[in-house]
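Quick note: the coordinates plus some simple rules give every number you see, no bench work behind them. All figures in this text were calculated on a predicted structure; none of them were measured in a lab. Virtual Cβ from ideal backbone geometry, glycine too; neighbours counted across all protein chains shown.
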Amino acid sequence: MDHCFYFQAHVIKEKCWFFVAILRSFEHMAFDRTLDKKNSIFELYVPGGMEVYFEKLMAYFIEQGIVTQYKKLPNRLLASDESL
């Protein structure tokens, strides 16, 4: 696999610091970036070998009320008209 899986997640604004801290504590699990600050939407790039672990962590975040929803989408950076 040459590219990461791409996810978007809505994180409760007051819990963003916790979400980022826990996510980054798992080395090489995901690269996170704020996509829409106003609506608290994060984009996450997940290597293929980490997808199962990432999904388990996201289920925990939902269970704890930190993330309201997340979804796997086509990697937007692979589209020819998208840029950073």
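Structural remarks
- Helical content of the chain, expressed as a calculated mean residue ellipticity at 222 nm, amounts to -8500 deg cm²/dmol (DSSP H runs of 4 or more residues, -39,500 (n - 2.57) each, divided by residue number, nearest 500).
- Cβ-Cβ distance of E51 and C16, R₀ of 22 Å, FRET efficiency by 1/(1 + (r/R0)^6): the value works out to about 0.45.
- Under a Gaussian network description of the chain, with springs only between Cα atoms under 10 Å, the residue in A30, A21, A59 that fluctuates furthest is A21.
- Relative to the longest principal axis of the Cα atoms of the chain, the long axis of helix 51-63 lies at roughly 30 degrees.
- The stretch 14-58: chymotrypsin sites (Phe, Trp or Tyr not before Pro) falling in loop per DSSP and having at most 14 other Cβ within 10 Å: F26
- Coordinate range of the alpha-carbon atoms in the stretch 5-76 per principal axis, descending: 30, 25, 18 Å.
- For the chain, trypsin sites (Lys or Arg not before Pro) are listed when DSSP marks them as loop and at most 16 other Cβ atoms sit within 10 Å of their Cβ; the list is K37, K38.
- Simple spin-label estimate for L35 and K72 in nanometres, 7 Å along Cα-Cβ: 1.5 nm
- The ranking of L78, L35 by Cβ neighbour count inside 10 Å, starting from the fewest, reads L78, L35.
- Folded to 0 to 90 degrees: helix 16-25 orientation relative to the chain principal axis, Cα: 60 degrees
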